[in-house]
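Enquirer: Dropping the structure in here first, questions after.
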């Protein structure tokens with residue numbers, strides 16, 4: 001494992017106790033230039049995770065709390081008539097940051113949601129005919145409460161597809177939780193902790209992800225997985241080519257974190273639940289709303305060529 | 001990473017499998033003795049009880065002991081372990097013992113495949129359509145269990161494997177049908193078990209009073225008949241079997257050598273011949289039945305000069321044949337030798353018989369009148385037609401005629417024939433069946449054992465052999481209506497089904513007729529689909545220019561090509577065309593598999609190497625080196641690097657793990 005990246009993970013692990021795997025995956029998502037969706041109950045550390053990552057990687061961080069009365073202009077910014085200059089002046093919104101935490105995204109109306117998602121996709125914002133580029137790197141961590149909670153607008157499937165990964169944090173283990181309950185306030189530790197790398201290094205790492213080698217054998221494996229999801233009767237829809245790109249990109253980033261120059265099937269399997277869990281729906285009216293067990297079955301069903 | 005759901009043998013699954021295995025065996029209950037069936041049930045109960053009280057499950061030694069006991073039981077029952085019946089009993093025991101041994105996935109495969117085999121053995125006993133449908137259902141059930149254990153994900157609904165199997169079966173059906181029709185048929189069966197027959201009921205080649213009335217209790221089917229035109233009336237539906245020329249006064253028989261010599265017979269046709277097809281059940285004797293009188297001999301049989309059909313071998317399996325018959329006919333000449341035989345008498349002729357005949361002779365102008373007198377005698381004297389005739393131990397004919405006066409058809413036929421011979425009229429006894437029950441659904445007649453009948457034929461100058469049925473003179477209902485099979489006390493008159501029974505009886509008859517009809521079609525088109533039928537079909541398609549051998553080769557060639565194409569498709573889809581690196585890796589995995597470390601199909605090389613190294617730290621270095629090379633070849637896209645490839649191949653070759 002790359003030493004620098006390991007330090008990032010370890011440092012983040014000190015704050016988000018017992019969640020190494022989640023930290024690693026979210027770092028992989030970031031290195032793969034993808035956006036991250038965290039879906040879990042309130043209070044398990046979604047915001048902390050986003051905050052920690054921003055801190056460790058030395059990113060400019062903004063948080064947008066999504067509410068049902070949030071307007072698109074509250075996200076992207078607004079043009080205001082400046083009397084002194086006799087013209088409209090664009091006041092950038094909170095989205096102009098390197099790491100944006102879109103908290104509880106499913107509490108906002110679809111209109112506000114799509115403003116964010118468009119910005120994510122295009123990596124730029126257009127108001128009044130003027131295009132404003134977003135900072136580089138640009139990384140959105142959206143959090144979402146489980147959709148069966150009251151007063152939410154669950155993201156439609158097409159929007160879910162824009163997130164490279166969907167993670168769930170889950171409750172901490174007993175020992176980790178004990179440390180959390182008995183130890184110092186995590187926010188204080190976070191304030192003290194400095195950045196491990198800066199955005200310059202981060203950009204370099206992102207470059208290196210693209211250079212990780214993907215062999216024909218691995219592409220075969222990826223295609224077999226896509227084909228299985230399309231042929232099997234267990235899923236409502238098969239995976240899209242974009243899902244295939246996401247899988248490979250995620251696997252590359254994972255391989256980089258593991259310190260490899262090439263992608264192994266194991267890397268692909270490691271990122272698979274996070275990259276396709278939100279893109280797969282069970283066929284029929286299954287009681288299982290999340291895709292993780294579906295992904296496990298899929299991994300078990302597709303032999304490695 | 002997490003593992004997919006692995007299949008574990010659950011009690012529910014064992015119950016299902018045991019049930020299917022028992023169902024596969026069930027029809028054999030009719031073929032094996034009751035005590036063996038009970039023993040099999042005991043073995044099954046043992047397993048089911050074991051589901052609830054696990055302690056009951058037999059260990060290895062107990063199971064071995066049970067196996068030996070089972071073999072001993074079979075041997076005690078049959079005095080052999082070979083042959084159809086003992087073999088099936090043994091197979092049943094092995095199957096039910098296997099039920100007690102289902103613990104692993106492998107046991108399930110073995111159990112299902114033994115069950116398939118048991119299902120095949122069912123056809124050694126019966127090939128009826130009902131059994132076939134039943135067994136098809138069992139096959140689907142068993143296959144769905146195979147499907148269930150081979151699923152990676154648990155089925156969403158419990159009956160889903162069953163539906164899938166049903167679909168697979170439907171998909172297989174056209175292939176089965178095509179192969180059934182075109183695949184060359186074997187004329188000789190591969191096994192010849194069916195001759196190992198139990199005693200079958202049927203007519204004997206020797207008749208004495210009482211032989212037919214024994215048959216009358218059996219409702220087994222003797223044969224079925226389908227007419228190609230409107231059937232003759234019931235009074236003419238006499239089914240000729242054997243003709244008896246010789247008598248010692250007690251029983252009638254025939255000396256084959258003398259009668260079967262062929263001779264040209266001039267026959268006058270009074271009516272047009274009737275065409276029909278007979279589906280004969282096996283009766284273990286070498287003769288066939290035909291409507292009185294057959295005009296030709298079906299394949300593998302001869303027509304004797306007294307119009308018996310002799311088959312080349314005992315009929316041990318169902319056969320069909322088509323025939324023409326004349327119901328009304330005349331003949332001109334009786335050879336002197338035959339006339340002598342037709343007048344020969346036993347030593348039981350008494351004076352009162354001679355007196356009776358002399359009285360008729362005095363009152364009659366010709367032979368025909370004597371016949372009428374005799375029939376009138378049976379009709380007017382207090383003769384009784386009974387299913388339970390008294391025994392006539394001394395001189396049967398004499399005691400029947402003058403003392404008992406109660407008898408069944410053979411009593412009347414034998415006495416009548418003997419009286420005719422005393423009167424100097426050549427006569428002979430004919431044995432066969434009379435009537436038959438019409439199956440409206442299949443438009444054919446079922447002739448059962450209780451239709452067995454005996455009648456006489458007398459030679460009248462100018463007319464030839466004339467059928468005389470003295471039974472009809474006593475009890476015309478015998479010919480008109482079916483017998484009611486209620487056996488009264490000895491000598492009680494027979495009853496007849498004149499009203500056709502109640503509604504329930506009618507429904508039952510309707511049902512049995514429907515079933516019988518389905519069976520006969522099944523036998524005609526499926527079981528009876530012979531090489532001859534196949535060639536006829538080929539000729540209709542203009543394919544008859546091939547010889548049987550050529551045709552076999554062509555069919556086999558076609559099958560081979562189809563299999564090859566299917567196989568290639570599987571290879572292409574399954575990417576079984578492996579690269580050298582993959583082949584090497586495969587060998588490496590196989591070697592590890594032999595020492596108990598098998599790679600799961602979804603397990604990546606690094607995961608597998610780590611697991612293997614954890615299991616066998618002594619091999620860790622070698623394993624890691626090989627997997628490292630493999631990863632470089634395969635995932636760093638260096639497969640074309642010949643040097644590395646050779647290194648990899650050598651390392652795999654030198655990797656010789658031993659079981660610890």
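Enquirer: Looking only at region A:1-116, where both bridge partners belong to it, what percent of the DSSP beta bridges are antiparallel (to the nearest 5)?
Expert: Working: 6 of 11 bridges.
Of all bridge pairs located within region A:1-116, approximately 55 percent are antiparallel.
Enquirer: Using just the helices of chain B, give the 222 nm mean residue ellipticity in deg cm²/dmol: DSSP H runs with n ≥ 4 each add -39,500 (n - 2.57), and the total is spread over all residues, rounded to 500.
Expert: The helix-only estimate for chain B comes to -15000 deg cm²/dmol at 222 nm.
Enquirer: What three numbers, in Å, describe the spread of the alpha carbons of the protein assembly as shown along their principal axes, ordered from the longest?
Expert: For the protein assembly as shown, the Cα spread along each principal axis is 157, 70, 63 Å.
Enquirer: Using a simple spin-label model with points 7 Å from Cα along the Cα→Cβ vector, what separation in nm is obtained for residue B:555 and residue B:9?
Expert: Inter-label distance under the simple model: 4.0 nm.
Enquirer: Also, quick follow-up: Using the per-residue mean of other Cβ atoms lying within 10 Å as a proxy for protection, in what order, highest first, do the peptides B:454-463, B:505-514, A:87-96 fall?
Expert: Averaged packing, sorted descending, gives the order B:454-463, A:87-96, B:505-514.
Enquirer: Quick one: go through region B:382-409 and flag any residue whose amide nitrogen is under 12 Å from the point 7 Å out along the Cα-to-Cβ line of residue B:352.
Expert: B:395, B:397-405
Enquirer: Taking the Cα-to-Cβ direction at residue A:216 and at residue B:621 and moving 7 Å from each Cα, how far apart do the two end points lie in nm?
Expert: 3.5 nm
Enquirer: Relative to the longest principal Cα axis of chain A, at what angle does helix A:20-31 sit, 0 to 90 degrees, rounded to 10?
Expert: For helix A:20-31, the angle is close to 70 degrees.
Enquirer: Would you mind listing how long chain B runs along its three principal axes, going by Cα atoms, in whole Å with the largest first?
Expert: Dimensions of chain B along the principal axes of its Cα atoms: 122, 63, 46 Å.
Enquirer: Starting from the Cα gyration tensor of region A:1-152, multiply each eigenvalue by 5, take the square root, and state the resulting semi-axes largest first in whole Å.
Expert: Square roots of five times the eigenvalues give 30, 19, 12 Å.
Enquirer: While we're on this one: Report the calculated FRET efficiency for residue B:126 and residue A:283 (r = Cβ-Cβ distance, R0 = 51 Å), to the nearest 0.05.
Expert: Details: r = 44 Å, r/R0 = 0.86.
E between residue B:126 and residue A:283, to the nearest 0.05, is 0.70.
Enquirer: Moving on. So, R0 is 25 Å and r is the distance between the beta-carbons of residue B:521 and residue B:116; what FRET efficiency does that work out to, to 0.05?
Expert: 0.40
Enquirer: With viscosity set to 0.890 mPa s and temperature to 25 °C, compute the Stokes-Einstein D of region B:9-71, Rh being the Kirkwood radius across alpha carbon pairs; µm²/s, no decimals.
Expert: It comes out at roughly 192 µm²/s.
Enquirer: Now, a different point. Hey, got the average number of other protein chain Cβ atoms within 10 angstrom for residues in A:24-37?
Expert: Mean inter-chain Cβ contacts per residue within 10 Å come to 0.
Enquirer: Among DSSP bridges having both ends in the protein assembly as shown, what percentage is antiparallel? Round to the nearest 5. Show your work: numbers first, answer last.
Expert: Details: 65 of 84 bridges.
About 75 percent, rounded to the nearest 5.
Enquirer: Rounded to the nearest 500, what is chain A's calculated 222 nm mean residue ellipticity when only DSSP H runs of at least 4 contribute -39500 (n - 2.57) each, over all residues? Mind dumping the intermediate values first?
Expert: Working: 13 runs with 142 residues, N = 305.
Calculated mean residue ellipticity at 222 nm is -14000 deg cm²/dmol.
Enquirer: What's the ranking of A:121-131, B:430-440 by average number of surrounding C-beta atoms within 10 Å, highest first? Each step should come with its number before you reach the end.
Expert: On the way: A:121-131: 12.1, B:430-440: 21.3.
So the peptides A:121-131, B:430-440, ranked by packing, come out B:430-440, A:121-131.
Enquirer: Rank A:283, A:119, A:255 by mean-square fluctuation in a GNM of chain A with C-alpha springs under 10 angstrom and give only the top-ranked residue.
Expert: Fluctuation is largest for A:283.
Enquirer: Next question, about the same structure. Set the Förster distance to 22 Å, then compute FRET efficiency between residue B:146 and residue B:601 from the Cβ-Cβ distance, nearest 0.05.
Expert: The computed FRET efficiency comes out at 0.75.
Enquirer: Quote to one decimal, in nm, the extra length available between residue B:440 and residue B:217 on full extension: 0.36 nm per residue of separation minus the C-alpha distance between them. Don't jump to the answer; show the numbers that get you there.
Expert: Values: separation 223, 0.36 × 223 = 80.28 nm, distance 2.44 nm.
Between residue B:440 and residue B:217, full extension yields 77.8 nm more.
Enquirer: Full-extension gain between residue B:236 and residue B:643, please, as 0.36 nm times their residue separation minus the C-alpha to C-alpha distance.
Expert: Once the chain is fully extended between residue B:236 and residue B:643, it gains 137.0 nm.
Enquirer: Something else now. What distance in nm separates the two pseudo spin-label positions at residue A:79 and residue B:248, each 7 Å out from Cα along the beta-carbon direction?
Expert: In this crude spin-label approximation the distance works out to 13.1 nm.
Enquirer: Determine the percent antiparallel among the DSSP beta bridges restricted to region A:65-186, to the nearest 5.
Expert: Just about 65 percent of them are antiparallel.
Every number in this text was worked out from the coordinates using simple rules, so none of it is lab data. Note that the structure is a prediction, hence the values are computed from the model and not measured. Reconstructed Cβ throughout: ideal geometry from the backbone, glycine too, with neighbour counts over all protein chains shown.
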